[in-house]
Amino acid sequence: MPRPLENYQDYLRLVARLLWQPGLQRRLDLSDLVQQTLLKAHKNRDQFRGGDCEEQWRGWLRAILKNELLQAVSDITPGRDSVYESSRILDEFIAAGHSSPSERVLRIEQMERLATALGRLLEDERTAVELKYLHGCSVKSISQHMGRTGDAVGGLLKRGMRKLRRLLQESGEDKKG
């Protein structure tokens, strides 16, 4: 096991939000699913066969999270289908068949930096930014989803992206120094 499990919370929260599409019939507490995932990983850590390989460890955690999410939506066909499709897209993004192992590691590290930065935004800013830029929702659908005006959502997006850029720049500088 490469690092303590609690170091993967932001990463798993981002993966959960990527797998669970907005606007589906049921609102899930994704933080609870992340906690269940970490608990299950801790309980079954002896089943992990990837040694100290960070990439395999994250993949194992993603698989546990996906199973937890599928159990939570087992009675919702669109939810299951959405999780499978989102999972396929995420796996393709991470694997990117033409990528070298070092490029995949870099992509995962960038995703982890993004997850940490998103976790530091205010909840409404994070929600607006994720819906717009990770799920491709329009401002109109975001405003309906959040119960806010279009102008309010625009403000959340502007502030959220400004903070996100600053946080990512700071984390990039920390890596260099």
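The values are calculated or read from the model by the stated rules, or taken from the named source; none is laboratory data. Model, not experiment: these values are computed from the prediction. Neighbour counts run over all protein chains shown; Cβ positions are idealised from the backbone, glycine included.
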Practice problem: Please find, among Ala72, Ala41, the residue that is at pLDDT 75 or above, under 28 Å from Gln144 (Cβ atoms) and either aromatic (Phe, Trp, Tyr) or surrounded by 13 or more Cβ atoms within 10 Å (Cβ to Cβ) (or both). | Solution: Ala72
Practice problem: Mind counting the residues in the stretch 82-122 that are part of a loop (DSSP other than H, G, I, E, B) and modelled with pLDDT under 70? | Solution: 4
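Scan the stretch 123-152 for residues that are part of a helix (DSSP H, G or I) and more than 21 Å from the chain's Cα centre (by Cα) and jot them down.
Residues of the stretch 123-152 that are part of a helix (DSSP H, G or I), as a first pass: 123-134, 139-146, 150-152.
Residues satisfying the conditions are Lys140, Ser143, Gln144, Gly150, Asp151, Ala152.
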